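Have a look at the structure below, then the notes.
The values are calculated or read from the model by the stated rules, or taken from the named source; none is laboratory data. Just so it is clear, the model here is predicted, and its values are computed rather than measured. Heads up, the Cβs are rebuilt from the backbone with ideal geometry, glycines too, and the neighbour counts pull from every protein chain shown. Accessible surface is based on the protein model in full, side chains and every heavy atom, while ligands, DNA and RNA are left aside. Shrake-Rupley method; radii C 1.70, N 1.55, O 1.52, S 1.80 Å.
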Amino acid sequence: MSKEMIEKIIVNEGGLVDNPNDTGKMTYKGISRRWWPDWKGWKNVDSAIEISGGSLKKANVLLNNDDCLHNSVIEFYKINFWDKFKGDQMPEILAFNVCDFAVNSGVKVAVKQLQRCLGVASDGSVGKMTLNALGCVNDLESLIYDFNDLRMEFLEGLDGWQYFGRGWTNRVNHNNQFTEEYFK
């Protein structure tokens, strides 16, 4: 796993947020309390909120200085996203884009879109066929842009588009810019 790539995704996710329009409810660095209630980092988050008198802004300051919690986020991303789609068996810039989509929308969704780009069965699980197809890609940069185009199509169809569409668009544009810089 590329720590540099994971760090970029963490930056994309931001800090502690509790947006009533987000189906994931409270999130910290992209880890949804609704979907991941047993994540060990919630103890640190709850403590910071309590110490901050309920202020998420003040809690964010405390949490951003918690190196142990930050390492827990990296470990969480590796185990629950990167490893699930076999990120270490792909070119790192592609794995970054897949992981960013997976954190935002789920591993199966991200992998299915990758499989669509590769022209293989879209079962949401990276296996031999997906990895073999990846090995035959001649233009990785174009594949990533196609992948991100499919990501945008998916995101535009979500109920949350009216609330989060601008941020999602900026995120994908940022990833495309990072991809472009990577290939220079």
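Under a 1.4 Å probe, what is the accessible area of the chain per residue, stated in Å²?
Dividing the accessible area of the chain by its residue count gives 53 Å².
Express the carbon and sulfur contribution to the solvent-accessible surface of segment 1-152 as a percent, rounded to the nearest whole number, probe 1.4 angstrom.
Heavy-atom surface of segment 1-152 belonging to carbon and sulfur, 1.4 Å probe: 50 percent.
State, to one decimal in nm, how far the label point of Cys136 lies from the label point of Asp22, with both points 7 Å from Cα in the Cβ direction.
That separation, rounded to one decimal, is 4.0 nm.
Test of understanding: what is the full-extension gain from Met129 to Glu153, defined as 0.36 nm times their sequence separation minus their Cα-Cα distance?
Values: separation 24, 0.36 × 24 = 8.64 nm, distance 2.43 nm.
So the chain would gain 6.2 nm between Met129 and Glu153.
Candidates (1) 1.10; (2) 1.65; (3) 0.98; which is the computed Rg/Rh (Cα atoms, Kirkwood Rh)?
Evaluating Rg/Rh (Cα atoms, Kirkwood Rh) on these atoms matches (3).
How large is the charge dipole for segment 1-109, taken about the Cα centre, if only the Cβ atoms of Lys, Arg (+1) and Asp, Glu (-1) carry charge, to the nearest 20 debye?
Using only the charged Cβ atoms, the result is roughly 260 debye.
Given the options Gly30, Thr169, Met90, identify the residue whose Cα lies farthest towards the positive end of the charge dipole of the chain (+1 on Cβ of Lys, Arg; -1 on Cβ of Asp, Glu).
Ranked along the dipole, the leading option is Gly30.
Rounded to whole Å, give me the distance from the Cα center of segment 1-61 to that of segment 87-146.
26 Å
Near Lys86, which lysines are there with a Cα under 26 Å away, not counting those fewer than 8 places off in the same chain?
Lys3, Lys8, Lys29, Lys40, Lys78, Lys108, Lys112, Lys128, Lys184
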